[in-house]
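A quick write-up on the structure given underneath.
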Amino acid sequence: MSDSFYIKILATDHVLYEGAAVGLIFSAPDGEFQVMAHHENVVVACCEGNIKIKTENNGEWINAVTGIGFVDVCDGEVTMLVDFAEWADEVAAVKSREAMERAKEQLRQDKSIQEYNLSRATLARAMVKLSSTPNAPLE
């Protein structure tokens, strides 16, 4: 039996990762969730946060940042659908900080419930991206 499984991570606008993996760790509403080979079939909600993928090539963990969505584990294959996904080393701290400030300003203004919720989601996304960037304190 192989110790790897097929994984596909899909954001709304691109495929972040597709291929074999040995492990996947992501944030779920009640804590971190890990998937390994031969995992039982399950559908799990995922939260904004860091994910780690352990590839079978070199056995190292690679890091990414994702938004909300869900993970489907079915018959040895994992599909993660999220609203955004970026490699952790590609997250630009300056752009994330600017997005966070814009979202904070939007929250201060009187808006509709829909606009308020959109601003909250944008703020959460920026804060997650900043948290994955080394030496980028949240202000």
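The number of residues in the range 51-86 that are farther than 21 Å from A126 by Cβ and of a type in the set (S, T, N, Q) comes to 4. For the range 55-67, a residue qualifies if it is of a type outside the set (S, T, N, Q) and under 18 Å from V15 (Cβ atoms), and the qualifying residues are I62, A64, V65, G67. Residue pairs whose Cβ atoms lie under 8 Å apart, sitting 6 or more positions apart in sequence or on different chains, and linking a residue in the range 52-81 that is in the same structural domain as A28 (by TED's automatic domain parsing) to a partner that is exposed (fewer than 14 other Cβ atoms within 10 Å of the Cβ) and not in a strand (DSSP E or B), are K54/E60; E56/D3; N63/D89; V73/E40; V73/N41; C74/N41; D75/N41; G76/H38. Selection over the range 25-50 of residues that are under 24 Å from A126 (Cβ atoms) and either assigned to a strand (DSSP E or B) or at pLDDT 95 or above (or both) gives a count of 11.
The values are calculated or read from the model by the stated rules, or taken from the named source; none is laboratory data. Just so we're clear, the structure is a prediction, and the values are computed from it rather than from any experiment. We place every Cβ from the backbone using ideal geometry, glycine too, and count neighbours over all the protein chains shown.
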